[in-house]
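> Here it is: the structure, laid out below.
The values are calculated or read from the model by the stated rules, or taken from the named source; none is laboratory data. Fair warning: this is a prediction, and the values are worked out from it, not measured in the lab. No Cβ is skipped: glycine too gets one built from the backbone with ideal geometry, and neighbour counts run over all protein chains shown. These area figures cover heavy atoms from the full protein model, side chains too; ligands, DNA and RNA do not enter into them. Shrake-Rupley method; radii C 1.70, N 1.55, O 1.52, S 1.80 Å.
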Amino acid sequence: TNQKFAFIECASVDTANKALNLNGVPFLGASLRVSRPSKYAGPHIPSLTWQQLTGQPLPSGMLPVPENNGMGGGSAEEKLNRELFIGNTTPEMTEAMLRDFLGRAMEQVGLTRMPGNPIVSCRVSGKFAFVELRTKEEAENALNLNNIPYLGASLRVGRPSKYTGPHTPHGNWEDILAKFMSGELQLNNAASAPAPPAAIAAPPMAQMPAAPAMMMAPAALPAAVVPTRVVELKQMLTQQDLEDDEEYNDILEDTRDECSSFGTLKNIVIPRTGPGATKIFLEYLSVEDAGKAIAGLKGRTFDGRQVGATYFDEIKFANEDYSD
């Protein structure tokens, strides 16, 4: 074993082939990457990810893993086919924020092949960034996010300069959004078979498999999400937790200690009555700190309840209006 990876030897070739289907299995808060070692020179053995095999979505907060597709798993060529360039980024856009925003955009308009955020990693460098998708097909689909608006900027989404593969026909965010709003584009059920690449500008979107499908309200589109310095946490508390003064103060201090690890926490509010009761509001010094808190807290389990973490309107927070 090493700090970040390990090698295992199976009892037989057949067992090793079957073990490839453990790719993506959740373990101790992470999704394990299971693949052939870089020196493997044998034949490609088709396999699934753990999520495809079991139909279980990736737990919130865990990074997805690339598929084992027969191109060497982690080879430079294979990785380049799954990598995209993101241009026109601004200084307040962090890696966590971009990964969350673009991943949810793909999920909400049906550009993913399986449940969970399709973006494996994101790295920001000045006015641009690079994102790595878990599959080549989802990288092709993500090209349709070109021109998506975010934090006052129109993001450019395309292939990196080192890409030498074939041209992928695609449209822009305006194209896919128009089809979504008109009802021509529908969401593939997360449990259904993986969808083919979404070449918006080529075959009509209506020809893509759409059953069983579900339309989402336009208001749920990620373009409407405006990052702020305030984070709203749900599902962490019950009304009973707020009744005892001593227990309430303990929760207040414990939350302050925990959430200060994400950045400079200016204020914490836990309303005991009214529309904000059982919610927790965190005011950070910067939008970046708030984004780190959401990435770190969203999907955690607290007393058997899954925590929800979202941005909250700063004006409403300043006016002590804690309603949704």
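> Can you name every one of the helices (runs of 4 or more DSSP H) wholly within the range 78-182 that holds 1 or more residues which are in contact with a strand residue (DSSP E or B) (Cβ under 7 Å, 6 or more places away or on another chain) and open to solvent by less than 10 Å² (accessible area, probe 1.4 Å)? Spell out the reasoning first.
Working: elements: 95-108, 136-142, 173-182.
Where helices (runs of 4 or more DSSP H) fall fully within the range 78-182 and carry at least 1 residues being in contact with a strand residue (DSSP E or B) (Cβ under 7 Å, 6 or more places away or on another chain) and open to solvent by less than 10 Å² (accessible area, probe 1.4 Å), they are 95-108, 136-142.
> Still on this structure: Please go through the range 5-26 and give me each residue that is buried (at least 16 other Cβ atoms within 10 Å of the Cβ) and either at pLDDT below 85 or part of a loop (DSSP other than H, G, I, E, B) (or both), ordered by number.
ASN23, GLY24, VAL25
> Also: For the range 225-246, give me each residue that is open to solvent by less than 30 Å² (accessible area, probe 1.4 Å), among the charged types (D, E, K, R) and under 29 Å from the mean Cα position of the chain (by Cα). Working first, answer last.
In the first step, residues of the range 225-246 are kept if they are open to solvent by less than 30 Å² (accessible area, probe 1.4 Å); the result is 227-228, 230-233, 236-237, 241-242.
Narrowing further to those that are among the charged types (D, E, K, R): 232, 241.
Scanning the range 225-246 gives a single hit, GLU232.
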